[in-house]
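Scroll down for the structure; my scribbles are underneath it.
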Amino acid sequence: MSDVTVDISKGVAVLTLNRPDHLNAYTADMGRLLSEAYRDCDADDDVRAIVLTGAGSAFCVGADFSGNISPFDTPTDDSAFSASPIDPAAFELRKPVIAALNGHAIGIGLTIALQADIRIVAQDAKYGVVQVRRGVIPDCMSHWTLTHLATLGVAAEILLTGRTFTGTEAVELGIANRALPAERVLDHALEMARDIAAHVAPMSAALCKRLLWDSVIHGYTPRQVASLETALHHRVMGSADAREGVSAFLDRRPPRFSSRLSANWTALPDPEP
């Protein structure tokens, strides 16, 4: 049994954290396998969207404390340790990533999900970045993701108190998109992912996602974003996908987009000063 399973169907890759007997507690193998799955999905033209979820009743309850060695002990090899073990992070991919937090997500279980583009949470499950209550500090770039998903004040409250909160409050705080009954979380995420896979041009999604996140990562000004939007419009206007998107809309049929990231992708240009 793999700590992360991958199932690809109809353009959607479902990545499942798969240690249900341990409430999907995080291990180094899980991090390595999730990183590999992210890279594989990003390179696979048959994958249009990614859903990340957990097996059983939880999403991920944090670091695994079931062994004889605490995950918070001094690392035996400082050069091998990273507080951001998921590489690439979900926001660094070109495909939309939806985190379906079907149950509790604590510590690194939540900070991994904060790297996704969209989060669907269970209304009554517990969520929290609790590392300060364990004598360590938050990880997976959460000092950055939280301040950009919400506000500095919200990030400070979540990170400095280490308190837990419900999925409903996660939406109120601005760090989740939607809170649903637990049994509906994965289905809703899959419905959203399948809609993207069926109706969104893969090149358009990739360019949009990279501009969305890169504008935050690099601190682009509004005018720099405008210049990049113009440059990327020139890249896609008149393309086969643009013609197909309009034809499908006018014909009232599903589009058949032909762009392939593996063959046609080029990185975003640098913005004008």
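Summary table below
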{"item": "Considering residues of segment 218-260 that are aromatic (Phe, Trp, Tyr) and not in a helix (DSSP H, G or I) only, the residue farthest from Ala205 (Cα to Cα)", "result": "Tyr220"}
{"item": "Out of Thr230, Thr161, sole residue that is closer than 30 Å to Arg253 by Cα and hydroxyl-bearing (Ser, Thr, Tyr)", "result": "Thr230"}
{"item": "Of residues in segment 141-165 being hydroxyl-bearing (Ser, Thr, Tyr) and surrounded by fewer than 17 Cβ atoms within 10 Å (Cβ to Cβ), the one farthest from Leu110 (Cα to Cα)", "result": "Thr151"}
{"item": "The listed residue being surrounded by fewer than 22 Cβ atoms within 10 Å (Cβ to Cβ), out of contact with any Asp or Glu (no Cβ under 7 Å at 6 or more places or on another chain), closer than 21 Å to Val185 by Cβ and small (Gly, Ala, Ser), out of Ala37, Ala80, Ala105", "result": "Ala37"}
{"item": "Filter pass, Phe72 being of a type in the set (Phe, Trp, Tyr), more than 30 Å from Ser259 (Cβ to Cβ) and either surrounded by fewer than 13 Cβ atoms within 10 Å (Cβ to Cβ) or modelled with pLDDT under 85 (or both)", "result": "yes"}
{"item": "Strands (runs of 3 or more DSSP E) completely within segment 4-77 that count 2 or more residues being not aliphatic (A, V, I, L, M)", "result": "4-9, 49-54"}
{"item": "Residues of segment 172-196 classified as buried (at least 19 other Cβ atoms within 10 Å of the Cβ), within 16 Å of the chain's Cα centre (by Cα) and among the small types (Gly, Ala, Ser), total", "result": "3"}
{"item": "Condition check for Ala189: touching a Gly at 6+ places or on another chain (Cβ under 6 Å) and either basic (Lys, Arg) or within 23 Å of Thr145 (Cα to Cα) (or both)", "result": "no"}
{"item": "Failed condition for Ile120, given (1) touching a His at 6+ places or on another chain (Cβ under 6 Å); (2) not in a strand (DSSP E or B)", "result": "(2)"}
{"item": "From His143, His148, residue being touching a residue at least 40 places away in the same chain (Cβ under 8 Å) and either within 30 Å of Ala226 (Cα to Cα) or of a type outside the set (Val, Ile, Thr) (or both)", "result": "His148"}
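The values are calculated or read from the model by the stated rules, or taken from the named source; none is laboratory data. It should be emphasised that the depicted structure is a prediction, and the values quoted were computed from it without experimental measurement. Note that we place each Cβ from the backbone using ideal geometry, even for glycine, and neighbour counts take in every protein chain shown.
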